[in-house]
Amino acid sequence: MTFKALVVDKLEDGTTKATVQEMTEDRLPAGEVTVAVEYSTVNYKDGLCVGPGGGLVRTYPHVPGIDFAGTVEASDDPRYKPGDAVVLTGWRVGEAHWGGYAQKARVKADWLVPLPEGITARQAMAVGTAGFTAMLAVMALEDHGLVPGHGPVLVTGAAGGVGSVAVAILSALGHEVAAVTGRPETEGYLRALGATQIVPREELNETVKRPLESETWAGCVDAVGGAMLARVLGQMKYRASVAAVGLAGGAGLPATVVPFLLRGVNLLGIDSVLQPYDNRLRAWRRIAADLPMDKLDAMVQPATLADLPQLGADILKGQVKGRVVVDVN
Ligand code: NDP
């Protein structure tokens, strides 16, 4: 019995090539649970792993796909039995361990989460690591005092995966949402997700000239980093928090410490990969409760395994809008 997988091979000249291949189960890595994958998705890291690897992939051939949702086929762990619906994000699956761009995956039971009530496998992958991380960011802002009514919450990289889900969640929770985008053509899309204000990227990607600007934002979910994050820190309201999620605009932080010292601004680091199980459950339950599924559907672009090499290249160029859902069957 064979199944389909997107396999990345390393060629003799050192480059990589991703193709859809027939695979046998005996080639799957070790793990307690074998999952019949239904859907996967495309995150920024997937773009790296489908292409040259970005230092994330160590051994080839490799099956990428940092997220998947599907049904347990076989399990050596008492927590899971055949037929259970499960979702996986993080744990370096799709990077160090074979991932979800295949009709079957084998992983550690500790890495799985039961699919939350009220969410289908397809919807879970419309959320994926990007949406899960957006929810972690919103939870972190709330844990540090964000409540609706304090003023607009800024979302950077808004038309991307993390940004789109963050806009939809924050708006559904009753926040005013200001969406930063470098793609003016996405204004209608972002307003439909709930953004009340569109901020052109150029307004925020200049380096800091004054460490403090007027107090504007009650919170921020930042997918961009770099000069934009540095600017935003100086525009936060007194004691407001920024959840630092991504580095789409750069890993540097050309900032001053003045916003921390004079305005008590908090910079909160968000990691989705090694999140403890209890917090994963909490985030998925919040997603089921607080992310409007009609808005999630509006973000989705459907794809197949064969589309992944192109989509991987597109996401690295910041050209994917919203969330891609990959039907691996
Ligand atoms: P996407 O590519 O879908 O979104 C990134 C968005 O950032 C783009 O759509 C674009 O938005 C904006 N952008 C791209 N390039 C630039 C630039 N040079 N300057 C300013 N803005 C830019 O990626 P994801 O949403 O999946 O991921 C976003 C970031 O979050 C990535 O860096 C990713 O690695 C990180 N991430 C981190 C996680 C964690 O655990 N901490 C988990 C998931 C993702 P627009 O067109 O609207 O301007």
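The values are calculated or read from the model by the stated rules, or taken from the named source; none is laboratory data. Here the structure is a predicted model, which is why all the values come from computation and not from measurement. When we count neighbours, we look across all protein chains shown, and the Cβ atoms used for this are built from the backbone with ideal geometry, even at glycine.
Structure values in brief
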item: Per-region count, region 182-222, residues buried (at least 23 other Cβ atoms within 10 Å of the Cβ) and within 15 Å of the ligand (Cβ to nearest atom); result: 6
item: Some residue of region 93-101 being buried (at least 20 other Cβ atoms within 10 Å of the Cβ), over 30 Å from GLY225 (Cβ atoms) and without any contact (Cβ under 8 Å) to a residue 60 or more places away in the chain; result: no
item: Test set (1) touching a helix residue (DSSP H, G or I) at 6+ places or on another chain (Cβ under 8 Å); (2) in contact (Cβ under 8 Å) with a residue 24 or more places away in the chain - ALA227 fails condition number; result: (1)
item: ALA69 touching a residue at least 60 places away in the same chain (Cβ under 8 Å), within 20 Å of the chain's Cα centre (by Cα), crowded, with 17+ Cβ neighbours inside 10 Å and within 27 Å of LEU291 (Cβ to Cβ); result: no
item: Residue match in region 28-37 (condition: over 28 Å from VAL300 (Cβ atoms) and of a type in the set (Ser, Thr, Tyr)); result: no
item: Test result for ARG231, among the charged types (D, E, K, R), under 20 Å from LEU115 (Cα atoms), outside the structural domain of ALA102 (by TED's automatic domain parsing) and within 16 Å of the ligand (Cβ to nearest atom); result: no
item: Selected residue (only one of ASP77, ASP46 is surrounded by fewer than 21 Cβ atoms within 10 Å (Cβ to Cβ) and at pLDDT 95 or above); result: ASP77
